[in-house]
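Q: One structure is given below, represented as structure tokens, and several questions about it will come after.
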Amino acid sequence: MSAPNRASTDCTVGFDAERARLDFPILQRSDSERPLVFLDSAASSQKPNQVIDAISKCYREEYANIHRGVYELSARATAMFERVRETAQRFVAAAESREIVFVRNTTEAINLVASSYGRANVGPGDEVLITEMEHHSNIVPWQMLCDQVGATLRVAPIDDRGALMMDELEKLLCDRTKIVAVAHVSNALGSVNPVAEISRLAHSVGAVVVVDGAQAVPHQPVDVQALDCDFYAFSGHKIFGPSGVGVLYGRASILSQMAPYQGGGMMIKTVTFEKTTYEDIPHRFEAGTPDIAGVAGLGAAMDYLTEIGLESIARYEAELLDYATDALSKVPGLRMIGTAPNKVSVLSFVLEGVHPHDVGTILDQQGVAVRTGNHCAMPAMEHFNVPATVRASLALYNTRSDVDALVEALLEVREIFG
Amino acid sequence: MNSELRELYQSVILDHNKQPRNFREPECSNCSAAGVNPLCGDKVTVYLELKDEVIADVGFQGSGCAISTASASLMTEAIKGLPIEAAERLFDGFHAMVTSDPREEAATSELGKLSVFSGVREFPMRVKCATLAWHAMREAMHQSGETVSTE
């Protein structure tokens, strides 16, 4: 592997990836190990000191259960927790902080909507519309819902570049459509979906729009009011925050009509053995003690991204994606899977004659970490007639020299497999 | 290329990956089983023709990485003509080899050509690839009713 030569080529206006890298201890590892070329942030991103320190600070200085104690420490923990809710509100530009529900992750957020909104509003003969590029977490909960209530799952197709076919989606919308569930950004292909346009079309037939935002929030500013979606879900661990905590945004007028997802402490007003009255939103959906320190870490992650500025991150990553796309196109026998005109951060590809799993092992030996497999998006893989791909995904801490290391390692694969 | 990689991708393995042997469904096969690794999408179906407690013929089909394809290919060569019991023993020996501690000497003496897979020990994430066809083979034998489980 060539010696890192980063600073010269990686600066774009307003954002310095080299400086950002210094915030991430795992990227600084040296000793006997090779430097880490981490190209798997779409699976889970690395954590900056700011996040690690916030979690540590929570446990060291301000930890107690929230919304319970009358003592000062509990009050401080509660205030921290609710402050992060406001941070999340600003982060996705929600109208009110009570539209922010803390969950475990995107998967739980989608299950919450499918279970609570879905079972109350989708009935026999109704339809749920998803797309062909969805992650299994935005397929299976809807399949389960449809099975339970006797509804039908419809799938809007993608074209050969991996872009959603909007005309087909429009044709599939009808008055039976109750829910439209789409990824903002495809985890397997990087395609960005026109959510605002989808919302407009879905609302015109009376359907609500659920957006899996897990792959979008690390890369671009999100404004749920501009997108006009009804639900928006994302995970902490993909935006440089901890795993085990995520966010569900829900439009207040809809959330407040929804029944609780889980029962337990914190989500009630009064309990007798005859009847329980439930808390208002968002607490109604937050049964049990949450991941308090995780929320502290999530808050720090959102602050971190806001401070750098997602606009400049988006500009930087767009340039890096162009560089990477160009560099990979020069690797003999490489076929890019997912070439939608509007895409971010993901380079999914196959190498002729070499299975992605073998590519992954050889890359790993060069210190290059990529994901190989179906990326929890088997139907999307099927569309491209491949069992799996190699996926290199970019984040704000990646640089051109990471891309160069990837290309070099791929040439090594070619050498081994001929 | 580092030495672990060279151990893993030996020329025999690369050759069997490129030109898998017995890549077919034998005409007289009387039992089969599929192995799937959802993690990487590898799929392999192993077909056996069992006659008088002996593997008279064997073939496989499917798609997978070099390790799983070569492993299936070399397995078919190794077990063709073997009594069921001997194939079971070979399964145990192969399994022990690819899962043994890399710091210890691998017992490869009885495995012959199959010992090219000893390098898999260094790559715990790839053990499933190397053993996929073997598990399918054993399941096919167990399903056939011609054999009893040795477990």
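The values are calculated or read from the model by the stated rules, or taken from the named source; none is laboratory data. Being a predicted model, the structure only gives us computed values, none of them experimental. FYI the Cβ positions are ideal-geometry reconstructions off the backbone, even for glycines, and counts take in every protein chain you see.
Q: Within segment A:238-269, count every residue that is in a helix (DSSP H, G or I) and either surrounded by fewer than 24 Cβ atoms within 10 Å (Cβ to Cβ) or of a type in the set (Phe, Trp, Tyr) (or both).
A: Total satisfying the criteria: 3.
Q: Another question, then. Within segment A:98-105, is even one residue assigned to a helix (DSSP H, G or I) and either out of contact with any Lys or Arg (no Cβ under 8 Å at 6 or more places or on another chain) or surrounded by 14 or more Cβ atoms within 10 Å (Cβ to Cβ) (or both)?
A: Looking through segment A:98-105, at least one residue is assigned to a helix (DSSP H, G or I) and either out of contact with any Lys or Arg (no Cβ under 8 Å at 6 or more places or on another chain) or surrounded by 14 or more Cβ atoms within 10 Å (Cβ to Cβ) (or both).
Q: Answer yes if at least one residue in segment A:388-400 is within 13 Å of chain B (Cβ to nearest Cβ) and in a loop (DSSP other than H, G, I, E, B), and no otherwise.
A: Yes; the residues of segment A:388-400 include at least one that is within 13 Å of chain B (Cβ to nearest Cβ) and in a loop (DSSP other than H, G, I, E, B).
Q: Right, another one. I need the full set of residues from segment A:321-346 which are assigned to a strand (DSSP E or B) and either modelled with pLDDT under 95 or more than 10 Å from residue A:189 (Cβ to Cβ) (or both), in order please.
A: Residues of segment A:321-346 that are assigned to a strand (DSSP E or B), as a first pass: A:334-337, A:343, A:346.
Those that are assigned to a strand (DSSP E or B) and either modelled with pLDDT under 95 or more than 10 Å from residue A:189 (Cβ to Cβ) (or both): A:334, A:335.
Q: Considering only residues that are within 10 Å of chain B (Cβ to nearest Cβ), part of a helix (DSSP H, G or I) and surrounded by fewer than 20 Cβ atoms within 10 Å (Cβ to Cβ), which ones fall in segment A:347-380?
A: Of everything in segment A:347-380, those that are within 10 Å of chain B (Cβ to nearest Cβ), part of a helix (DSSP H, G or I) and surrounded by fewer than 20 Cβ atoms within 10 Å (Cβ to Cβ) turn out to be A:364, A:365, A:378.
Q: Restricting to segment A:296-326, and then to whatever is aromatic (Phe, Trp, Tyr) and surrounded by 19 or more Cβ atoms within 10 Å (Cβ to Cβ), can you tell me which residue is farthest from residue A:84 (Cα to Cα)?
A: Out of the qualifying residues, it is A:316.
Q: Please go through segment B:6-36 and give me each residue that is crowded, with 19+ Cβ neighbours inside 10 Å and facing chain A (nearest Cβ under 8 Å), ordered by number.
A: Matches in segment B:6-36: B:8, B:9.
Q: Shifting gears a bit: Quick one: count up the residues across segment A:24-62 that are in a loop (DSSP other than H, G, I, E, B) and either more than 28 Å from the chain's Cα centre (by Cα) or at pLDDT below 95 (or both).
A: Qualifying residue count, segment A:24-62: 9.
Q: Residues of segment A:51-63 being in contact with a helix residue (DSSP H, G or I) (Cβ under 9 Å, 6 or more places away or on another chain) and either over 13 Å from residue A:294 (Cα atoms) or among the charged types (D, E, K, R) (or both), which ones?
A: A:53, A:57, A:61, A:62
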